[in-house]
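The values are calculated or read from the model by the stated rules, or taken from the named source; none is laboratory data. What you are looking at is a predicted structure, and each value in this text was computed from that prediction instead of being measured. Cβ atoms come from the backbone with ideal geometry, glycine included; neighbour counts cover every protein chain shown. Remember, those area values only see protein heavy atoms, side chains included, never the ligands or the DNA or RNA. Shrake-Rupley method; radii C 1.70, N 1.55, O 1.52, S 1.80 Å.
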Amino acid sequence: MRAPFRSGCATLLIAVLAAACQPLPHPFADDRPPESLLRMRDSAGISIASIEGGPSIAARKLGAAVASALVQHDIPASDRTTNLTSYQLYGWLEAQRPHSGKAAVTAHWRLQDATGRLVGERTARLEAPVRAWESGDEKVITGLAEASAAEIAPLLADAGPGSAEATAAAGGDGRTRIAIHPLSGAPGDGAKSLANAVAIVLKRQDVTVLDDVNAKADVILDGEVSVAPVKADKQHVKILWHVRRADGAEVGTVGQENDVPKGMLDGPWGDVAYSVAIAGADGLMQVIARAGPERKS
């Protein structure tokens, strides 16, 4: 299954390298990750399809804006990446006839799980000047996105595994505790945004992500980013995650790399960070499962 990055950002390929040489999938065939490296829990994220309807410029911008708004609700989401078990969010816009220079646009949303089962339907409505809609005004798009996310987020309230972070942080639930450090070498705000994105994604797995990176952890996750020019308008970006035990012993690595437009990641990474996190989560969990302490039956 291909995990597309729109807006010119290519798919990030995923590799898992085991320090102890255990056999793991090798994903470089046909320039796409194998399905085995894209399987995640149903609660891991939302994939947003292209928005239908009009105003057309609003529809083109709304997907990314909704992804960013859902992240503010601690829900990993992307209009760039999908995987085999993502929730699928479909939307369409309906504009009402302008009145007194203003028009109301209603966003209709349909959320399905990976099997196609309907989770729920919601709508959000925003009124703004006609010219703002026609020009794709960022403030207006953000307003509709935030209103939409506020409607969509409750649909997932009971969809994922129960949250018991306080108990987990105290070590009372037996789950592997992970400390995620900022990455080195990342351009723009990638050092923090990538670490934050992976933290949000992994919090929806059967592990505990510690907010304090200096707290006692079973597993430490850190990484490095390297960028190299390959063409006049392209850069090769490689992200290498290191999974270590508390004593510093490296258990394995997860790598993601591909070419992206030059300068694309020099500023805020935005939902690109969540696209990377969603695509790499299952590979990370494979290695983390070996790094964590043995569970008592």
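For segment 232-279 and segment 169-229, what is the separation of their C-alpha centers, rounded to whole Å?
13
Take peptides 94-107, 59-72 and line them up by average Cβ neighbours within 10 Å, highest first, as a rough protection proxy.
59-72, 94-107
Where only protein heavy atoms count, and the probe is 1.4 Å, what is the accessible area per residue for segment 183-282 in Å²?
For segment 183-282, the solvent-accessible area averages 40 Å² per residue.
By per-residue mean of other Cβ atoms within 10 Å, what is the highest-first order of 266-273, 192-199, 117-124?
Going from most to least packed, we get 192-199, 266-273, 117-124.
Can you list residues whose amide H is under 5 Å from Gly120's amide H, if they're 5+ apart or on another chain and H is modeled 1.01 Å from N?
Leu111
What order do you get for 209-219, 255-265 when each peptide is scored by the mean count of other beta carbon atoms within 10 Å, highest first?
In decreasing order of mean packing, 209-219, 255-265 become 255-265, 209-219.
Suppose R0 equals 30 Å; then what is the FRET efficiency for Glu127 and His73 from their Cβ-Cβ distance, rounded to the nearest 0.05?
0.80
Rounded to a whole number, what is D in µm²/s for segment 220-259 from Stokes-Einstein with the Kirkwood radius over alpha-carbon pairs (25 °C, 0.890 mPa s)?
Approximately 218 µm²/s, per Stokes-Einstein.
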